[in-house]
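Input: a single structure, listed below in structure tokens.
The values are calculated or read from the model by the stated rules, or taken from the named source; none is laboratory data. Bear in mind that the values here come from a model prediction, so they are computed numbers and not experimental data. Reconstructed Cβ throughout: ideal geometry from the backbone, glycine too, with neighbour counts over all protein chains shown. These accessible areas exclude ligands, DNA and RNA; they are computed on the full protein's heavy atoms, side chains included. Shrake-Rupley method; radii C 1.70, N 1.55, O 1.52, S 1.80 Å.
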Amino acid sequence: MRRHIQANYLAGRCLGSSNPTETPDAQLHQRGADLCIDTLARFSQVRADCGERVLLVTPPSAAGWVWFEDLRCALQHIGVITFRVDDERGLTSALVADLRPTLLLGLDTEALHARLQAVGLDRRSNTTRLLIPTRDRVESHAPLTKAESERLARMGSGAGADLLLSLHAEPFMRRTVAAWLDGGKPLLWLPQAASPFRDRPHAGDRRYDFAHLSVANPERIRAVWHTMRGILARHRGLFGERETWGFGTPRLPVEEHARQQALARVSLAPLVAPLLDAAGDLTQRVYAAAASATFQITELSPLTRQHFDEDELIAVPRQPLALQEAFDRWVGDRAGRERIARRALERVYRDHTSLHRAVHLVDAVRALR
């Protein structure tokens, strides 16, 4: 599949159509800048008097780093004392004594449990442990490992999670970590979001027909193969990352993704198969593109219309040629694309920034304690 995708991409680079360069609507970009400034001002210090002190133990993945770094910035902006460490090794007795965290977020792994025990946070205290349930094995339906069973036992005895945290909605999580959800601890769903500190409109002409930036894991390869082959073969666009796909654009810092998306008429965001039939996640790039005033096409999932209406986000069902037909419909319609991008921009700054998520996190934890 990957070689077929590469062949289509190279064909598009060499022989694909070359639409005229577009200059973005200056008023749309100014609206995005105004919304960003207004949102930052509206959320500034809004929870400064909550008394919470948050310690973030970053999950060991690129997505985990983005999630927790965005949370750190947002929590600090709303006035919550927050400190983030890169992994469990940063969780030390000295840090705990100095910060005196009232809330700790991290991935529910053996490594974190060991550190909780080492620093004395494996017992009931003033620190609420909000942990992300995870399996030790990729096979989600495999029997529980001994280590997983021990973590669940600790949770039941008060030595593990006090609350559960997830980027994904409960129906999706039940496929993989039902044992945790059945343990009696409340689940706090904190969906992906746009970061007003990073995801914002960027000036620059649209020189490409499409942009798709992703990591080439097996599910992503299948999603691109099923939905984008025809687009890749007929159009010139930005595609990557090269380090995992083996071709295309080199890996970029996450803060550069919005700038790259703005160089294209259409941002393409096909979903991996597990997200198509269970309420799970729209992926961070959907929110980032909306906050960047970039028109995008994604696929329809049970979660899509909870976050974006039909006139804010073009989402198609997983059917043969559905994404390609939608792309053909919109790539030449500049006025229509900018109309929808404006509505998505308004919606994401109204409901779906990391600042909204940070306030929800603080308020939900305080309500559930």
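One line per residue, one yes/no per condition, for (1) open to solvent by less than 70 Å² (accessible area, probe 1.4 Å); (2) touching a Ser or Thr at 6+ places or on another chain (Cβ under 9 Å); (3) more than 14 Å from Ala289 (Cβ to Cβ); (4) of a type outside the set (Val, Ile, Thr):
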position: Pro317; (1), (2), (3), (4): yes, no, yes, yes
position: Leu323; (1), (2), (3), (4): yes, yes, yes, yes
position: Arg329; (1), (2), (3), (4): no, no, yes, yes
position: Gly332; (1), (2), (3), (4): yes, no, yes, yes
position: Glu338; (1), (2), (3), (4): yes, no, no, yes
position: Arg343; (1), (2), (3), (4): no, no, no, yes
position: Val348; (1), (2), (3), (4): yes, no, no, no
position: Thr353; (1), (2), (3), (4): yes, yes, no, no
position: Arg357; (1), (2), (3), (4): yes, no, yes, yes
(request) State all residues of the range 76-87 that are of a type in the set (A, V, I, L, M, F, W, C) and either in a strand (DSSP E or B) or within 18 Å of Val254 (Cβ to Cβ) (or both); if no residue qualifies, say none. (result) Ile81, Phe83, Val85
(request) Filter the range 295-315 for residues that are open to solvent by less than 20 Å² (accessible area, probe 1.4 Å) and in contact (Cβ under 8 Å) with a residue 60 or more places away in the chain and give the result. (result) Glu299, Leu303, His307
(message) So the check is Cβ under 9 Å with 6+ separation or different chains; which pairs have a first residue in the range 1-22 that's without any contact (Cβ under 8 Å) to a residue 24 or more places away in the chain and under 14 Å from Trp225 (Cα atoms) and a second one that's open to solvent by less than 90 Å² (accessible area, probe 1.4 Å) and not in a helix (DSSP H, G or I)?
(response) Arg3/Gly246
(request) Kindly state which strands (runs of 3 or more DSSP E) lie completely within the range 204-316 and contain at least 1 residues that are aromatic (Phe, Trp, Tyr). (result) 208-213, 237-240
(request) Give the number of residues within the range 1-52 that are under 30 Å from Arg72 (Cβ atoms), in contact with a helix residue (DSSP H, G or I) (Cβ under 8 Å, 6 or more places away or on another chain) and of a type in the set (Val, Ile, Thr). (result) 2
(message) Can you find a residue that is crowded, with 16+ Cβ neighbours inside 10 Å, of a type outside the set (Phe, Trp, Tyr), at pLDDT below 95 and not in a helix (DSSP H, G or I) anywhere in the range 25-44?
(response) yes
(message) Could you check the range 240-287 and list, in sequence order, the residues that are hydrophobic (A, V, I, L, M, F, W, C), buried (at least 23 other Cβ atoms within 10 Å of the Cβ) and touching a His at 6+ places or on another chain (Cβ under 7 Å)?
(response) Ala258, Leu268, Leu282
(request) Identify all residues within the range 199-220 that are open to solvent by 20 Å² or more (accessible area, probe 1.4 Å) and either among the hydrophobic types (A, V, I, L, M, F, W, C) or free of Cβ contacts under 8 Å to residues at least 24 places away in the same chain (or both); write none if there are none. (result) Ala203, Leu213, Val215, Pro218
(request) Filter the range 232-253 for residues that are out of contact with any Asp or Glu (no Cβ under 8 Å at 6 or more places or on another chain), in contact (Cβ under 8 Å) with a residue 24 or more places away in the chain and closer than 26 Å to Thr21 by Cβ and give the result. (result) Leu232, Ala233, Arg234, Leu238, Phe239, Gly240, Glu241, Trp245, Phe247
(message) Can you tell me how many residues within the range 119-152 are within 20 Å of Pro101 (Cβ to Cβ), at pLDDT 90 or above and of a type outside the set (Asp, Glu)?
(response) 10
(request) Collect the residues in the range 281-307 that are within 20 Å of Ser166 (Cβ to Cβ) and among the aromatic types (Phe, Trp, Tyr), keeping them in residue-number order. (result) Tyr287
(message) Quick check on this structure: which one of Phe68, Phe83 is in contact with a Leu (Cβ under 6 Å, 6 or more places away or on another chain) and open to solvent by 60 Å² or more (accessible area, probe 1.4 Å)?
(response) Phe83
